[in-house]
Each structure stands twice: as structure tokens, then as C-alpha cells.
1. Suppose we filter Arg48, Arg67 for residues that are farther than 19 Å from Val118 by Cα and surrounded by 14 or more Cβ atoms within 10 Å (Cβ to Cβ); which single one remains?
2. Would you confirm whether any residue within segment 85-98 is part of a strand (DSSP E or B), buried (at least 19 other Cβ atoms within 10 Å of the Cβ), more than 15 Å from the chain's Cα centre (by Cα) and not assigned by TED's automatic domain parsing to the domain that holds Arg189?
3. Of all residues in segment 108-126, which are surrounded by fewer than 14 Cβ atoms within 10 Å (Cβ to Cβ) and either in contact with a Ser or Thr (Cβ under 7 Å, 6 or more places away or on another chain) or not in a helix (DSSP H, G or I) (or both)?
4. Can you name the number of the only condition in (1) at pLDDT 85 or above; (2) buried (at least 16 other Cβ atoms within 10 Å of the Cβ) that Ile195 fails?
5. Can you work out which of the residues in segment 21-31 that are more than 22 Å from the chain's Cα centre (by Cα) and surrounded by fewer than 20 Cβ atoms within 10 Å (Cβ to Cβ) is farthest from Pro111 (Cα to Cα)?
6. Name the residues in segment 1-20 that are of a type in the set (A, V, I, L, M, F, W, C) and either exposed (fewer than 15 other Cβ atoms within 10 Å of the Cβ) or in a strand (DSSP E or B) (or both), would you?
7. Return the only residue of Leu53, Leu43 being in the same structural domain as Val118 (by TED's automatic domain parsing), surrounded by 15 or more Cβ atoms within 10 Å (Cβ to Cβ) and within 22 Å of Arg107 (Cβ to Cβ).
Amino acid sequence: MNSAIDLILGDPNPLMLQALAEIFDRDRRFSLIASSKTAEGFLEACLRAPVSLGVIDWSLPLLGAERLLAILRDRPKPPRIVIYASSNDPDIPRRAMVAGAAGFCTRDTAPEHLLDIVAAVAAGRMVFPFLDVRALKRDPREELTDREKTMLSALARGRTNNELAKELGISINTVKFHLRNLYEKLGFRNRSQAIAFYYSHGSDGGQDSQS
């Protein structure tokens, strides 16, 4: 008889975590090792007890599921990750796949279907809804306006909101508006993540390259 598949769960909602734990505990194919309400806690659990699988909510704080996937991807023998999220944003499956996830399902997926998806991922399959493979190669910076590209470059040079407002001749509120749009399009929560993205992807296409 094959040994049970070990996994870790991650969800910010304690009730959801409990419900998921009960679902996997009832299925003899799986062995639940740990659960966490944050991405940092999930990462720590993986380091303490390496597992083959993880099942996490896309909205997992504080680091975020996207950044967590990138960190795990660079580690030796990382767990295969199944992401679940609301069906309201059709771009999440693409972003999850690009970040390194091995499977995706929506929050309203039936429990028995979720179990089958996780088992399929454990067997080495990739399980995603239909995706246009051309979209996987899309650079998220292509969605930015020229102003947002300029602001991303300025952020990377350490400009504050006040300095951005002065350089661009706009108000602080307008700066904050553009930054919110910038973070949303790139899937980030804060300035630090945007700066890290800028340097990890090289030049922003020549927008505002002066220091």
C-alpha cells in the first residue's frame, strides 16, 4: 500500500483552515502535517517539515501567495502547490502558473473535486483551467501606462511620494492613485515588492531612465 501524501495547508481564515483540515483528514490518501494563516508561517512549516504538497489560498498574507511561490520555487525539492481563489479574477490562474503553482481551482470547487485535483498534482500532473499559453509569456509591465512605468522607475531610485509629486507636477493624492493602480496591475501589496520586481526584471523599457 502506498504511503499517504503529506501536505501543508494555508488560509487566512481559521474556519476555512479547519474545514480544509477535516476534508483532508477524512481522505486516507493524505496526511496533514501543518497549517498556517500566513505565507510566512507556511514557509516556516515547510522548512521545519519538508512536504511534497501545499494547498493555499491566493490571498494568503502577509508575503502573499505569489511571492511565496517564487521563494519556494528557488528551494531544493520544493512542494508542489495547489492554489485556490475566488473566480472573480480570471487572471489569477495564469499568474499562479507563472509563479510556479502546479494546480488551481476556485473557492467554490466541490470538496471531492479539490481532493482529486490535489491527488493529480501529487502524481505529477499540472491541473489548471483552460489558459491561453500566449498569455503566460506576457510581461505584466505591458499593462502599465507610461506614467506608471515612469513611477516604477522612480520608485526603484528611492523617490518618496513627495518627491514623485514634485518631479511629475502632480498632487500627492494623484501619486497615491497611480501607485495603487501600479501595485494592482503587477499584483503587489507595497512599494518594496514593486522595487524588487523592477530590479529582478531589468530595465522598464527606457521610461524615465535618468537618475
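1. Arg67
2. So in segment 85-98, the residues part of a strand (DSSP E or B) come out as 85.
Next, only the ones that are buried (at least 19 other Cβ atoms within 10 Å of the Cβ) stay: 85.
Those still in the list that are more than 15 Å from the chain's Cα centre (by Cα) too: none.
Checked segment 85-98: no residue is part of a strand (DSSP E or B), buried (at least 19 other Cβ atoms within 10 Å of the Cβ), more than 15 Å from the chain's Cα centre (by Cα) and not assigned by TED's automatic domain parsing to the domain that holds Arg189.
3. Asp108, Ala110, Ala123, Gly124, Arg125, Met126
4. The failed condition is (1).
5. Here the answer is Ser31.
6. Met1, Ala4, Ile5, Leu7, Ile8, Leu9, Leu15, Ala19
7. Leu53
Let's see how each residue does on (1) of a type outside the set (S, T, N, Q); (2) touching a helix residue (DSSP H, G or I) at 6+ places or on another chain (Cβ under 8 Å):
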residue	(1), (2)
Gly54	yes, yes
Arg67	yes, yes
Ile71	yes, yes
Pro79	yes, yes
Pro93	yes, no
Gly100	yes, yes
Cys105	yes, yes
Thr109	no, yes
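The values are calculated or read from the model by the stated rules, or taken from the named source; none is laboratory data. The structure displayed is predicted, hence computed values, not measured ones. We place every Cβ from the backbone using ideal geometry, glycine too, and count neighbours over all the protein chains shown.
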